Amino acid sequence: MSSGVRPGAPAREAKWDHEFDVIVVGSGSGGMTAAIVAHDLGQSVVVLEKSDQYGGTSAISGGGVWVPCNHLASAAGAKDSHDDALTYMKAATRGMVSEARMLAYLEHAPRMLRYLEEKTWLKYRAMANYSDYYPALPGSKSGNRTMDPLPFDASKLGEEFARMRPPQPGTLIGGRVTMTAGEAHTILCKERGWLMLFMRRMARYWLDIPWRLRSKRDRRLTLGSSMIGSLRRSMMDRRIPLWLNTSLESIVADARRIEGIVANQDGKSIRIAARRGVILAAGGFEHNQAMRDEYLPKPTQAEWTVTPTSNTGDAIRAGQGVGAQVALMDHAWWAPTVFVMGREKRRALFVERNLPGCVMVNRLGRRFVDEAAPYSEIVYAMYADDEKHHANMPAWLVFDADFRRKYPCGPLLPAMARPDKALPSAWLGKVYFKADTLDALAAQIEVDANGLRETVARMNQYAASGEDKEFGKGSNTFDRYYGDVNVKPNPCLAPIAKPPFYAMRIDAGDIGTKGGLLTDEYARVLGQDGNPIAGLYATGNTSASVMGPSYPGAGSTLGPAMTFGYIAAHHLAGV
Ligand SMILES: Cc1cc2nc3c(=O)[nH]c(=O)nc-3n(C[C@H](O)[C@H](O)[C@H](O)COP(=O)(O)OP(=O)(O)OC[C@H]3O[C@@H](n4cnc5c(N)ncnc54)[C@H](O)[C@@H]3O)c2cc1C
């Protein structure tokens, strides 16, 4: 049975400017996967993209996908099972997601991955030691559920390369040279051979003279760039049109089904008919301050997100316009973010917190979380702490000269590569704070000095014993994944003792919102009466996440975006 569709824009009287079987809105990885699969199932498809660059947040992401029990994991010898994965997802999602959707995910994600590997340019590698994010939950695994995209050669994109959203400088060595997630891990954690690998990557970039004459960007695409570059090339092979500067405005529906959409193309209104269906894959609402104010916990600021500015919840609003239900609107893929000056503005702290020699505190100078916890959990902890003590928002990451010398932190490269005197002077007091004593630092950042001194003294005891008695930093496989392997007894703990001392302001940011249109196991959007709206599908951050409030492992957002895109394409093609 279909939901009674609330009529959207007027349908019948106006003629269509274009007609396709399937309209995909949004050119992130979910949209591109849906478009490729729908095309291969015999549908005529168009992909619409609001901005003048394709790829969305997916293009600036790590490109990792969390897909338990897939063929690459099996080939790598993973010990995993469908039951373990379901047990884990159920525990992580805490009853907030239907079992039917989780089962659909676990069944189709491995198929989606194999399909893309066999039929497109996109290739992955299982990450043997990248742990699930909640190692204490039943069914978790210490590796082989996250897949890292293999590098892709940008020259295969021809002129289209220039239109791909570029990666964030934070994912590049020196803002230029690309790394896979595996390489980044080796270099960051100073594993055996890290320096040689670093030199090889640099040499390869700078010696690629023909490409250097064409572009500053590295031809060796990795992470989200590799994923989006591979998918874009696969769309080009199939001649699937991708229309940039074309923004969904509203959905056209009669009382029975979705008929098409109204879009704005280069400032002109156009109407596009969809014979089989519309797949909404237009990301979340993270840049829409009014929607943040309406739905997310407070305080919240659009400027705290690190995603592209074109994600303003348009597709969620358009879905609501034809009677769709929404869910999980008060959740996001949270991540602590720091302010950066210049083009980039913001950066998420994914891994720096795991490294030894730093501590995160509230305004009382007190800790409130295991600093190495998954990024989503850090922000949940910030809100919980703020509710209790009204002394969070912002929080502060504090570290000493040793940490500063050895490790990167946000936009700061390790001081051994880029010392303070080489940083722009305007950064001091804005991007980072610095003082010779903890008391002086506390005064600068308006944090209680006694609290901070006591906290640091306790952290230093934990560093010596190797055991964090309060929050267990470094006590599990996830925490230790980004620890420094050379630091003993706990790779996530070292004394914070050597002046000068530093602080960076931490805001309750995100890498996308995760609430959106409620969908079923076929990615169909559900109406207020709980029945699907015929012809309307959603995936990625336009839909309420199959992961509920949790972040089970690296790749928990792209994996579902691509899988439910794959499922939607099959469903609307009637396969
Ligand atoms: C630095 C970083 C690293 C990350 N790493 C990972 C990772 O390794 N693994 C993982 O799973 N997740 C990761 N994420 C999160 C992940 O990238 C996002 O959650 C995911 O890309 C969302 O995909 P999407 O298709 O929903 O949206 P997007 O990829 O953002 O695509 C949506 C597209 O729709 C377009 N659009 C918006 N409105 C309209 C409209 N009205 N009409 C037409 N088009 C529109 C947007 O311009 C955008 O291009 C990371 C995020 C960041 C920021």
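The values are calculated or read from the model by the stated rules, or taken from the named source; none is laboratory data. Here the structure is a predicted model, which is why all the values come from computation and not from measurement. Note that each Cβ is placed from the backbone with ideal geometry, even for glycine, and that neighbours are counted across all protein chains shown. Remember, those area values only see protein heavy atoms, side chains included, never the ligands or the DNA or RNA. Shrake-Rupley method; radii C 1.70, N 1.55, O 1.52, S 1.80 Å.
The table below lists the values:
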read-out: Ala136, sole failed condition from (1) among the hydrophobic types (A, V, I, L, M, F, W, C); (2) modelled with pLDDT under 95; (3) within 29 Å of Ala85 (Cα to Cα); value: (2)
read-out: Given (1) touching a residue at least 40 places away in the same chain (Cβ under 8 Å); (2) surrounded by fewer than 21 Cβ atoms within 10 Å (Cβ to Cβ); (3) assigned to a loop (DSSP other than H, G, I, E, B); (4) within 13 Å of the ligand (Cβ to nearest atom), index of the condition Val262 fails; value: (3)
read-out: Qualifying residue in segment 435-442 (condition: within 30 Å of Phe198 (Cα to Cα) and outside any loop (DSSP other than H, G, I, E, B)); value: no
read-out: Candidate set from segment 528-549 (those that are out of contact with any Leu (no Cβ under 9 Å at 6 or more places or on another chain) and open to solvent by less than 10 Å² (accessible area, probe 1.4 Å)); member that is nearest to the ligand (Cβ to nearest atom); value: Met547
read-out: Segment 270-282, residues that are within 14 Å of the ligand (Cβ to nearest atom), under 29 Å from the mean Cα position of the chain (by Cα) and open to solvent by less than 10 Å² (accessible area, probe 1.4 Å); value: Val278, Ile279, Leu280
read-out: One residue from Pro414, Pro408, Pro394, Pro424 being open to solvent by 10 Å² or more (accessible area, probe 1.4 Å), modelled with pLDDT under 95 and within 22 Å of the chain's Cα centre (by Cα); value: Pro408
read-out: Qualifying position, being closer than 20 Å to Ile228 by Cβ, open to solvent by less than 10 Å² (accessible area, probe 1.4 Å) and under 13 Å from the mean Cα position of the chain (by Cα), among Gly553, Gly559; value: Gly559
read-out: Unique residue being assigned to a helix (DSSP H, G or I), crowded, with 16+ Cβ neighbours inside 10 Å and of a type in the set (Phe, Trp, Tyr) when the list is Tyr130, Tyr88, Tyr134; value: Tyr88
read-out: Listing of helices (runs of 4 or more DSSP H) fully contained in segment 137-245 that carry 3 or more residues being under 30 Å from Tyr115 (Cβ atoms); value: 181-188, 223-237
read-out: Some residue of segment 502-515 being out of contact with any Phe, Trp or Tyr (no Cβ under 7 Å at 6 or more places or on another chain) and either farther than 30 Å from Leu103 by Cα or within 16 Å of the ligand (Cβ to nearest atom) (or both); value: no
read-out: Which numbered condition Glu521 misses (of (1) assigned to a strand (DSSP E or B); (2) touching a Lys or Arg at 6+ places or on another chain (Cβ under 9 Å)); value: (1)
read-out: Subset tally (residues that are open to solvent by less than 40 Å² (accessible area, probe 1.4 Å) and of a type in the set (A, V, I, L, M, F, W, C)) for segment 467-482; value: 1
read-out: Segment 140-169: number of residues that are within 15 Å of the ligand (Cβ to nearest atom) and farther than 30 Å from Ala78 by Cβ; value: 7
read-out: Residue that is surrounded by the most Cβ atoms within 10 Å (Cβ to Cβ) [pool: residues in segment 225-259 that are within 12 Å of the ligand (Cβ to nearest atom) and over 19 Å from Glu159 (Cα atoms)]; value: Ile251
read-out: Flag if Gly267 is under 28 Å from the mean Cα position of the chain (by Cα), over 15 Å from Thr312 (Cβ atoms), more than 10 Å from the ligand (Cβ to nearest atom) and among the small types (Gly, Ala, Ser); value: no
read-out: Single residue of segment 516-527 satisfying the filter (open to solvent by less than 10 Å² (accessible area, probe 1.4 Å) and closer than 14 Å to Gly323 by Cα) that is farthest from the ligand (Cβ to nearest atom); value: Gly527
read-out: First in segment 450-462 and free of Cβ contacts under 8 Å to residues at least 12 places away in the same chain, second anywhere and exposed (fewer than 15 other Cβ atoms within 10 Å of the Cβ), Cβ under 9 Å, 6 or more apart; value: Gln461/Lys469
read-out: Segment 303-352 - residue that is at positive phi and more than 11 Å from the ligand (Cβ to nearest atom) and, of those, least open to solvent (accessible area, probe 1.4 Å); value: Gly323
read-out: Count - residues of segment 285-302 that are farther than 30 Å from Asp254 by Cα and away from the ligand (no atom under 13 Å from the Cβ); value: 10
read-out: Given (1) surrounded by 21 or more Cβ atoms within 10 Å (Cβ to Cβ); (2) of a type outside the set (A, V, I, L, M, F, W, C); (3) in a loop (DSSP other than H, G, I, E, B); (4) in contact with a Pro (Cβ under 7 Å, 6 or more places away or on another chain), number of the condition Tyr105 does not satisfy; value: (3)
read-out: Selected residue (criterion: nearest to Glu259 (Cα to Cα)) from residues of segment 44-76 that are open to solvent by 20 Å² or more (accessible area, probe 1.4 Å), away from the ligand (no atom under 14 Å from the Cβ) and not aliphatic (A, V, I, L, M); value: Ser44
read-out: Residue among Arg114, Arg125, Arg145, Arg94 that alone is surrounded by fewer than 18 Cβ atoms within 10 Å (Cβ to Cβ) and in contact with a strand residue (DSSP E or B) (Cβ under 6 Å, 6 or more places away or on another chain); value: Arg125
